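**Q** Starting off with a structure, shown below.
The values are calculated or read from the model by the stated rules, or taken from the named source; none is laboratory data. These figures come from a predicted structure and were not determined experimentally. Cβ placement follows ideal geometry from the backbone for every residue including glycine, while neighbour counts extend to all protein chains displayed. Surface accessibility is based on the protein's heavy atoms, side chains included, excluding ligands, DNA and RNA. Shrake-Rupley method; radii C 1.70, N 1.55, O 1.52, S 1.80 Å.
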Amino acid sequence: MSLAEDLLQQARALCEIDSYRPKQANLRRSVSSAYYALFHALVSAGVESMVPARSELRTLVARKFQHSVMKAAAERAGQAERQKRNERKTDPGAPAENLDLLQLASAFVSLQEARHLADYAPDEVLTRLQATTHIENAAQAIRALERIRATPAAERLHWEMLLGKLER
């Protein structure tokens with residue numbers, strides 16, 4: 001089982017551990033674990049696409065991914081896909097949007113924001129439904145990543161998540 005799968009499983013377990021009245025600590029950690037499941041899935045996919053197998057550089061490259069750079073890359077990718085969607089409405093010849101990339105990018109941004117609230121906003125009260133929604137969002141985004149993993153759009157996203165904006 002991959003680290004991402006383990007973290008999703010942990011998130012689900014934390015969300016369900018208290019049968020009647022869930023503890024905020026468990027719900028908060030479940031949201032954080034859901035975010036980190038997606039984070040590690042993206043880093044792993046990025047490293048696998050950039051660095052040859054069995055290279056000692058894999059760990060070094062993985063440690064260079066930064067949350068803020070990844071979020072900015074996801075925001076740009078989501079914006080580009082939404083723009084394609086809008087162009088498609090007015091111009092049938094425009095390229096189709098990549099719904100998996102849009103879902104992945106949107107989920108990463110929203111999950112990072114949810115994790116920040118869960119970890120750093122002591123007055124924030126989470127419900128089990130909110131936590132479950134975040135967990136499912138992460139799971140769907142990981143499945144979307146698997147579907148687009150070998151595409152040029154995913155490759156570009158990985159590089160931008162590592163290096164920042166790439167000029168066209």
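**Q** Given a 1.4 angstrom probe, I'd like the percentage of the accessible area of the chain that is carbon and sulfur, rounded to a whole number. Intermediate values should be presented prior to the final figure.
**A** Details: 5200 of 9700 Å².
C and S atoms contribute 54 percent here.
**Q** Might you report the magnitude of the Cβ-based charge dipole of segment 42-87 about its Cα centre, with Lys and Arg at +1 and Asp and Glu at -1, to the nearest 20 debye? It would help to have the intermediate numbers written out before the result.
**A** Working: 9 positive and 5 negative charges, 15 e Å.
So the magnitude is around 80 debye.
**Q** Let me ask something else. How high is the FRET efficiency from Ser68 to Ile17, r the C-beta distance, R0 25 Å, rounded to 0.05? If you can, show how the numbers build up before the last one.
**A** Details: r = 31 Å, r/R0 = 1.25.
Between Ser68 and Ile17 the formula returns 0.20.
**Q** How much accessible area per residue does the chain have, counting only protein heavy atoms and a probe of 1.4 Å, in square angstrom? Before the final figure, lay out the partial values.
**A** Details: 9700 Å² over 168 residues.
Each residue of the chain exposes 58 Å² on average to a 1.4 Å probe.
**Q** Taking the Cα atoms only, what angle lies between the long axis of helix 67-90 and the longest principal axis of the chain, rounded to 10 degrees?
**A** Between helix and principal axis, roughly 60 degrees.
**Q** Let me ask you something else. Please work out how much length the chain gains when fully extended from Lys84 to Asp119, using 0.36 nm per residue of separation minus the C-alpha to C-alpha distance, in nm with one decimal.
**A** Difference between extended and current length: 9.2 nm.
**Q** Just to be sure I understand: with springs between alpha-carbon atoms less than 10 Å apart, which residue in Asn86, Asn98, Asn26 has the highest mean-square fluctuation in the Gaussian network model of the chain?
**A** Among Asn86, Asn98, Asn26, the largest GNM mean-square fluctuation belongs to Asn86.
**Q** If you take the square roots of the eigenvalues of the alpha-carbon gyration tensor of segment 15-101 and sort them as a ≥ b ≥ c, do you get rounded (a/c under 1.5), prolate (a/b over b/c) or oblate? Spell out each step's value before the answer.
**A** Values: a/c = 2.92, a/b = 1.26, b/c = 2.32.
Cα axes put segment 15-101 in the oblate bin.
**Q** Hey, another quick one. Would you calculate the convex hull of the Cα atoms in the chain and tell me its volume per residue in Å³?
**A** Cα convex hull per residue, to the nearest whole number: 131 Å³.
**Q** Another question about this same structure. Rounded to a whole number, what is D in µm²/s for segment 108-168 from Stokes-Einstein with the Kirkwood radius over alpha-carbon pairs (25 °C, 0.890 mPa s)? Intermediate results must be reported in sequence, preceding the final value.
**A** Working: Rh = 13.6 Å.
My calculation gives 180 µm²/s for D.
**Q** Also, I was wondering about something else. Rounded to whole Å and sorted largest first, what semi-axes of the equivalent ellipsoid does the C-alpha gyration tensor of segment 8-50 yield via the square root of 5 times each eigenvalue?
**A** Calculated on Cα positions only, the semi-axes equal 28, 8, 4 Å.
**Q** To the nearest 0.05, how large is the calculated FRET efficiency for Arg156 and Leu129 if R₀ is 25 Å and r is the Cβ-Cβ distance? Walk me through the numbers on the way to the answer.
**A** Working: r = 35 Å, r/R0 = 1.40.
Calculated transfer efficiency: 0.10.
**Q** Round to a whole angstrom and tell me the spacing of the C-alpha centers of segment 96-160 and segment 1-50.
**A** About 12 Å separates the Cα centre of segment 96-160 from the one of segment 1-50.
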